[in-house]
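The values are calculated or read from the model by the stated rules, or taken from the named source; none is laboratory data. All values derive from a computational prediction rather than experimental measurement. Every residue, glycine as well, gets a Cβ built from its backbone with ideal geometry; the counts of neighbours run over all protein chains shown.
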Amino acid sequence: MIDVQQVREQFIACYQEHIQREGADKLLQWLCQKDFFTAPASTRYHCACEGGLALHSLNVYETLRRRYFEEGDNEESFALCGLLHDICKAQFYKVSTRNVKNEETGQWEKKPYYTTDDAFPYGHGEKSVFLIERFVRLKPAEAVAIRWHMGGFDDAVRGGSFAISLAYEKYPLAVKLHLADLESTYLIEKGTSDAR
């Protein structure tokens, strides 16, 4: 079980320590007004629980920083990318219920689960870049990293686009963010879903 308040405090402290760019305070205020700190990170795969999105964002930043930060890398860029790569998931999930049979009692019970309700269907990485840039100007490497953080799971890649290859070749931060996201999702956050 995630301590939502503790994760919120950790996220905000990390954000305020590392992200000083103009507009950062307004972006953080926007996050606090939305469901970013209570939303899940997925409907059932990883961190599918209250507070999962903020926890996943922290995990990705910490993995990115610990495993891939090299001399010459920019701390603020790593924080922006790691903490905000999935900002598109704010106001994206809703809680619904379904009937599930209790194996012990044989009775049907209502069980909550997460569904998606995408009011702004703009793409995953693209939407994150768009939302961030409403407040904070991203550098090209940051925008490209966030845009392509889904790697082969991105709809454009599955549709046959080869732009990701050029993005990864030109911007090492994009590769690093994708790898940190994968490690966080499939290794660090294994078993963190309330839905499984």
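Of a type in the set (Lys, Arg) and farther than 24 Å from VAL136 by Cβ: does that describe ARG44? For ARG44, the condition - of a type in the set (Lys, Arg) and farther than 24 Å from VAL136 by Cβ - is met.
Only a single item in (1) more than 26 Å from TYR186 (Cβ to Cβ); (2) in contact with a strand residue (DSSP E or B) (Cβ under 9 Å, 6 or more places away or on another chain) is not met by GLU17, and it is number (2). Within segment 43-85, the set of residues being basic (Lys, Arg) and within 14 Å of ILE188 (Cα to Cα) comprises ARG66, ARG67.
Between HIS56, HIS46, which is touching an Asp or Glu at 6+ places or on another chain (Cβ under 9 Å), part of a helix (DSSP H, G or I) and under 17 Å from HIS178 (Cα atoms)? Explain how you work it out, then say what you get.
Details: HIS46 fails: part of a helix (DSSP H, G or I).
Exactly one of HIS56, HIS46 is touching an Asp or Glu at 6+ places or on another chain (Cβ under 9 Å), part of a helix (DSSP H, G or I) and under 17 Å from HIS178 (Cα atoms), namely HIS56.
Can THR63 be described as farther than 16 Å from LYS94 by Cα and either assigned to a loop (DSSP other than H, G, I, E, B) or touching a Ser or Thr at 6+ places or on another chain (Cβ under 6 Å) (or both)? So THR63 passes the test.
Scan GLU70, GLU62 and give me the residue that is more than 24 Å from GLY123 (Cβ to Cβ) and either surrounded by 22 or more Cβ atoms within 10 Å (Cβ to Cβ) or in contact (Cβ under 8 Å) with a residue 12 or more places away in the chain (or both). GLU62 is the lone residue from the list that is more than 24 Å from GLY123 (Cβ to Cβ) and either surrounded by 22 or more Cβ atoms within 10 Å (Cβ to Cβ) or in contact (Cβ under 8 Å) with a residue 12 or more places away in the chain (or both). Restricting attention to segment 117-173, the residues that are of a type outside the set (Lys, Arg) and part of a helix (DSSP H, G or I) add up to 30.
Going by what's in this entry, would VAL129 be described as among the β-branched types (Val, Ile, Thr) and in contact (Cβ under 8 Å) with a residue 40 or more places away in the chain? So VAL129 does not fit the description; no.
Residues that are among the acidic types (Asp, Glu) and assigned to a loop (DSSP other than H, G, I, E, B) were ranked within segment 19-43; the one that is nearest to the chain's Cα centre (by Cα) is ASP35.
Restricting segment 174-196 to residues that are outside any helix (DSSP H, G or I) and out of contact with any Cys (no Cβ under 9 Å at 6 or more places or on another chain) leaves a set whose member that is modelled with the highest pLDDT is LYS190. Filtering segment 116-147 to residues that are out of contact with any Phe, Trp or Tyr (no Cβ under 7 Å at 6 or more places or on another chain), at pLDDT 95 or above and of a type in the set (A, V, I, L, M, F, W, C) leaves VAL129, LEU131, ILE132, VAL136, LEU138, ALA143, ILE146. Residues that are within 15 Å of the chain's Cα centre (by Cα) and closer than 27 Å to ARG67 by Cβ do occur in segment 131-139.
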